[in-house]
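Nothing in this text is a laboratory measurement; each read-out follows from the coordinates by a stated rule. Computed from a predicted structure; not experimentally measured. As a convention, Cβ positions derive from the backbone with ideal geometry for all residues, glycine included, and neighbour counts pool all protein chains shown.
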């Protein structure tokens, strides 16, 4: 039942974006696809010696130009997060977490090729697993919603291509019960295409 609710939420958001794009013909609306590398970790006083793991993100965006050099952009992305714990006396523990990220950012383009962006992001937890000594365990005790601030810089290339680097700074503790001071932190390197 839980997976059905998650799928319904994702499909609803995607349908709203598709409908918005199809019903808006103005030149100030843009849409496209983005994807790239996640370098994920956790932060906070209880994060200990956690190290980064690599994952990916992929999805679509819809942007609206507000004042020429200022635009608003929202998106829906599948995003892999998590962390690795290593130590002298323990086997490596890898925690992999899957989310749907929904950022809404304001973009500022002082020059035609460069833009800066920042804004809030809500992430919906889909699934997770931990791996240690060849054994996998499902993770289901995380908060369903994770709130973050995202910021970064991008380059607008010819033919609708975009490159960007950003940082997701989570400020919702990961665990639902017995919360500890641990938060998602993600560096994102992204390639995008604007239709």
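A few notes on this one:
- Largest mean-square fluctuation among 67, 163, 93, in a Gaussian network model of the chain whose springs join Cα atoms under 10 Å apart, belongs to 67.
- The distance separating the Cα centre of the range 75-107 from that of the range 47-62 comes to 4 Å.
- Folded to 0 to 90 degrees: helix 2-23 orientation relative to the chain principal axis, Cα: 10 degrees
- Among beta bridges identified by DSSP and lying wholly in the chain, the antiparallel ones come to about 100 percent.
- Relative contact order of the chain, defined on C-alpha pairs under 8 angstrom at six or more residues apart (%): 20 percent
- Where only C-alpha atoms are counted, convex hull volume of the chain per residue in Å³: 125 Å³
- Residues of the range 75-104 with amide N under 18 Å of a point placed 7 Å along Cα→Cβ from residue 138: 95-100
- One decimal place: the segment residue 64-residue 29 gains 12.1 nm when fully extended, by the rule 0.36 nm per residue minus the C-alpha distance.
- For the chain, built as a Gaussian network whose Cα springs stay under 10 Å, the top-fluctuating residue of 44, 74, 134: 134
- GNM result for the chain, Cα springs below 10 Å: residue of 117, 28, 56 fluctuating most strongly: 28
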